[in-house]
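**Student:** Starting off with a structure, shown below.
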Amino acid sequence: DGGITQSPKYLFRKEGQNVTLSCEQNLNHDAMYWYRQDPGQGLRLIYYSQIVNDFQKGDIAEGYSVSREKKESFPLTVTSAQKNPTAFYLCASSMNDIYSNQPQHFGDGTRLSIL
Amino acid sequence: GNSVTQMEGPVTLSEEAFLTINCTYTATGYPSLFWYVQYPGEGLQLLLKATKADDKGSNKGFEATYRKETTSFHLEKGSVQVSDSAVYFCALSALSNTGNQFYFGTGTSLTVIP
């Protein structure tokens, strides 16, 4: 059954600690994305990657880092430099095509909270 | 540039009422348009899509028509159910020099009461 798996579902961070959110997809999609969602708000793009070993900053990249060493994996690290990390984090993937017809597929999200 | 503007919420309807959630877009080129639904504590699920002008996307009783002349993609359902209570996002996909880019509206919260 193809899809996107995010783990863990809930994560707690202490002050000054880095944490890594996992995102794995078995859809053979080229592109992967990380979004942040705050209560009652829309999606804000953190980072995205169109191919392996390459990624670009989105609108709110400060305090976050990513890697894309494998096509199926795109982990997000929330660093201690991110002063307000409490949010719902969503990972997505899509197949690149020249007509931009393909939708994004989303994982079930990780809820990060400060202890 | 590319952007999506959708109707502010929240929207509260009685069961079996007619639903319209407005969505307009700005885009260069020929974008594809999508509606996603998000249930509490979950990720976004694709509800329907349309890839060219005059296409109608439909799924689970929801419909939306890609109107190039009015740059709109309004979501409609003839008779809502309590189980339709969720947040709905309008989105577009467009090509850029770094691949496909996605743009989302801010979401519209729908509550259906029995």
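The values are calculated or read from the model by the stated rules, or taken from the named source; none is laboratory data. Since the model is a prediction, treat every value here as computed from it, not as a measurement. FYI the Cβ positions are ideal-geometry reconstructions off the backbone, even for glycines, and counts take in every protein chain you see. To get the accessible areas, we keep the full protein, side chains included, count just its heavy atoms, and leave off ligands, DNA and RNA. Shrake-Rupley method; radii C 1.70, N 1.55, O 1.52, S 1.80 Å.
**Student:** Out of curiosity, is A:SER113 within 11 Å of chain B (Cβ to nearest Cβ), touching a Pro at 6+ places or on another chain (Cβ under 9 Å) and open to solvent by less than 70 Å² (accessible area, probe 1.4 Å)?
**Tutor:** No.
**Student:** Search the stretch A:31-77 for residues being within 24 Å of B:VAL37 (Cα to Cα) and of a type in the set (D, E, K, R), and hand back the single one that is surrounded by the most Cβ atoms within 10 Å (Cβ to Cβ).
**Tutor:** Only one residue fits best here, namely A:ARG36.
**Student:** Does the stretch B:43-61 contain at least one residue that is buried (at least 19 other Cβ atoms within 10 Å of the Cβ), more than 10 Å from chain A (Cβ to nearest Cβ) and in a loop (DSSP other than H, G, I, E, B)?
**Tutor:** Checked against the condition, which is being buried (at least 19 other Cβ atoms within 10 Å of the Cβ), more than 10 Å from chain A (Cβ to nearest Cβ) and in a loop (DSSP other than H, G, I, E, B), the stretch B:43-61 yields no hits at all.
**Student:** Quick test of your reading of the structure: B:ILE21 fulfils all but one of (1) within 28 Å of A:ASP30 (Cα to Cα); (2) surrounded by 13 or more Cβ atoms within 10 Å (Cβ to Cβ). Name the failing condition by number.
**Tutor:** Here B:ILE21 clears every test but (1).
**Student:** Just wondering, is there one or more residues in the stretch A:61-79 that are within 17 Å of A:GLY42 (Cα to Cα) and touching a Phe, Trp or Tyr at 6+ places or on another chain (Cβ under 9 Å)?
**Tutor:** Yes: one or more hits.
**Student:** Does at least one position in the stretch A:97-107 carry a residue that is open to solvent by less than 40 Å² (accessible area, probe 1.4 Å) and more than 11 Å from chain B (Cβ to nearest Cβ)?
**Tutor:** no
**Student:** Go through the stretch A:44-87 residue by residue and tally those that are more than 22 Å from B:GLY43 (Cβ to Cβ) and not in a strand (DSSP E or B).
**Tutor:** Residues flagged as more than 22 Å from B:GLY43 (Cβ to Cβ) and not in a strand (DSSP E or B) within the stretch A:44-87 amount to 9.
**Student:** Same structure again: For the stretch B:64-114, which fully contained strands (runs of 3 or more DSSP E) count at least 2 residues that are touching a Pro at 6+ places or on another chain (Cβ under 8 Å), within 14 Å of chain A (Cβ to nearest Cβ) and in contact (Cβ under 8 Å) with a residue 40 or more places away in the chain?
**Tutor:** Here the list reads B:86-96, B:108-113.
**Student:** Under 8 Å between Cβ atoms, which residue pairs at least 6 apart in sequence (or on different chains) link something in the stretch A:76-99 that is closer than 13 Å to A:LEU112 by Cβ with a partner that is charged (D, E, K, R) and open to solvent by less than 50 Å² (accessible area, probe 1.4 Å)?
**Tutor:** Filtered contacts from the stretch A:76-99: A:VAL78/A:ARG13; A:PRO85/A:ARG13; A:ALA87/A:ARG36; A:ALA87/A:ASP38; A:PHE88/A:ARG36; A:PHE88/A:ASP38; A:TYR89/A:ARG36; A:LEU90/A:ARG36.
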